[in-house]
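**Q** Have a look at this one.
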Amino acid sequence: MSRDSEAALAGLWQAAAGDPAALVEPFLVASSLTASVAQRLVRRPCESCSEPYQPDEVTLALLGLVASDLAGATPRRGSGCSECGYTGYRGRTAVYEVLSVDEDAGVRLRDPAGAEVSLVLSQ
């Protein structure tokens, strides 16, 4: 998880709570916000030249994963061909992160002197 949706929510809360000229009051954010969504576009392996492969331990560690996290998954790697311009990738797909704002998070968002939003959301 990239925590982008948490960062967006924290930024919105800080803007509303820290700026006296803010157009949005913290209690309005807390009462009307139901979720925060972050999106990233990632490259897709080329279907013409990609083959299954097993990532090494260093790659998995960089991603914060272990081999058992890939159970049932088939990672693919493109070698490059004329279809993909010899890059190994062709096209993109969206990856979404959705953070639901529950009642507990809403209560904390209403308190301008409350704990940091990022700490609240990571619990």
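The values are calculated or read from the model by the stated rules, or taken from the named source; none is laboratory data. All figures in this text were calculated on a predicted structure; none of them were measured in a lab. Don't worry about glycine lacking a Cβ; one is built from the backbone with ideal geometry, like all the others, and counts go over all protein chains shown. SASA here: full protein model, heavy atoms, side chains in, ligands and nucleic acids out. Shrake-Rupley method; radii C 1.70, N 1.55, O 1.52, S 1.80 Å.
**Q** Give the residues of the range 49-103 that are outside any loop (DSSP other than H, G, I, E, B), surrounded by 13 or more Cβ atoms within 10 Å (Cβ to Cβ) and touching a Pro at 6+ places or on another chain (Cβ under 9 Å), sorted by residue number.
**A** Correct list: 70, 76, 77, 78, 84, 89, 90.
**Q** Continuing with this model, one more query. I'd like to check something: does the range 2-16 contain any residue that is of a type in the set (Ser, Thr, Tyr), open to solvent by less than 80 Å² (accessible area, probe 1.4 Å) and modelled with pLDDT of 65 or more?
**A** no
**Q** Right, another one. If a residue must be farther than 25 Å from residue 96 by Cβ and in contact with a helix residue (DSSP H, G or I) (Cβ under 6 Å, 6 or more places away or on another chain), how many such residues does the range 35-82 contain?
**A** 1
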